[in-house]
1. Quick one: C73 ticks every box in (1) assigned to a loop (DSSP other than H, G, I, E, B); (2) touching a helix residue (DSSP H, G or I) at 6+ places or on another chain (Cβ under 8 Å) bar one, so which box is it?
2. From N62, N34, grab the single residue that is surrounded by 13 or more Cβ atoms within 10 Å (Cβ to Cβ), touching a Phe, Trp or Tyr at 6+ places or on another chain (Cβ under 9 Å) and of a type in the set (S, T, N, Q).
3. Just one of (1) assigned to a loop (DSSP other than H, G, I, E, B); (2) buried (at least 20 other Cβ atoms within 10 Å of the Cβ) trips up N187, so point out which.
4. Output the residues belonging to the range 243-264 that are polar (S, T, N, Q) and either under 19 Å from A76 (Cβ atoms) or surrounded by 19 or more Cβ atoms within 10 Å (Cβ to Cβ) (or both).
5. Would you check which residues across the range 212-244 are touching a strand residue (DSSP E or B) at 6+ places or on another chain (Cβ under 6 Å), of a type outside the set (G, A, S) and farther than 16 Å from I197 by Cβ and list them?
6. Which condition number in (1) under 27 Å from I94 (Cα atoms); (2) at pLDDT below 90 is the one that K181 fails?
7. Hey, any hits in the range 239-259 for a residue that's in a loop (DSSP other than H, G, I, E, B) and within 24 Å of G139 (Cα to Cα)?
8. Report, by residue number, each residue of the range 219-242 that is out of contact with any helix residue (DSSP H, G or I) (no Cβ under 8 Å at 6 or more places or on another chain), surrounded by fewer than 19 Cβ atoms within 10 Å (Cβ to Cβ) and either closer than 27 Å to I47 by Cα or not acidic (D, E) (or both).
Amino acid sequence: MDKVLQRSNGKIDIELIENNFKKYFQSGCCKILNPNSYNGNNELVLINTAGGITCNDQIEINTFIKNSELIICTQAAEKIYAGIGDPAKININITVKNSNLFWLPKELILFDNSKLIRNININLLDNSNLIFCESTIFGRKAMSEKIQNISFADQWKIKVNSLLKHFEAININGSMIDNYKNSYTFNNQSSLSTILIFGKIINQLEAELKKIMKNIEKHYCEMTKFDEKIIIRSLAEDNYDLKKTINYILKNIIHDKLPKNWDL
């Protein structure tokens, strides 16, 4: 008789209105930490008590923010491990109304033979601003980790007043070798990051970001602005090098909004 393998399920449901938490729900392996802040910031730290994610795990995060400002980060890098079964699923749904959201989780680390389907949906309503940063590591070079086979589908949708303004997806199934070697994809780099900026805040940050980008020389890092958004892409050979670049960019544009656990 086949054994039923134990799997992790977790859910978070948050409502923040006028900078007061009206709903603060957590279940399963998903926990929320609201640390004391000495600078007046509302900060939430998302914790996965399972210590990682593997096949058939399911995570759901729902957040509603109105007339508020919120920083969301994670306690540590989220590790996606090899497993037996169907891909793990992560679904993240966020609505931001007349508010500022700083979505700053730590990196997603994918291991060989891991399987993951992730969907991130964000809807910005009224006069809202978003600074969104996501990093993905395809095997840590310092640990001599190599990704030879993977199933990874990652889809992001960002709407402004319910109109789709940004959509992107990564879909890799099988060998990573061709993607690594291709100069139009990874170019032998294993660590990648994207920063997305939406809202009127882009007019305040554009000039400063142009100065910052000129000081980044060792890594692939480029910025573009169009359709009322700013996109910054970074590629690095090593996770630590990528972190240094992202920290440098974010510290110079959001200052005290960068979570303490981002310090290197």
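1. Of the numbered conditions (1) assigned to a loop (DSSP other than H, G, I, E, B); (2) touching a helix residue (DSSP H, G or I) at 6+ places or on another chain (Cβ under 8 Å), the odd one out for C73 is (1).
2. N62
3. (2)
4. Of everything in the range 243-264, those that are polar (S, T, N, Q) and either under 19 Å from A76 (Cβ atoms) or surrounded by 19 or more Cβ atoms within 10 Å (Cβ to Cβ) (or both) turn out to be T245, N247, N261.
5. Passing the criteria: H219, Y220, L235, N239, L242.
6. (1)
7. no
8. If the condition is that a residue be out of contact with any helix residue (DSSP H, G or I) (no Cβ under 8 Å at 6 or more places or on another chain), surrounded by fewer than 19 Cβ atoms within 10 Å (Cβ to Cβ) and either closer than 27 Å to I47 by Cα or not acidic (D, E) (or both), then Y220, T224, F226, I231, R233, D241 are the ones that fit.
The values are calculated or read from the model by the stated rules, or taken from the named source; none is laboratory data. Just so it is clear, the model here is predicted, and its values are computed rather than measured. Positions of Cβ are backbone-derived with ideal geometry, glycine not excepted, and every protein chain shown enters the neighbour counts.
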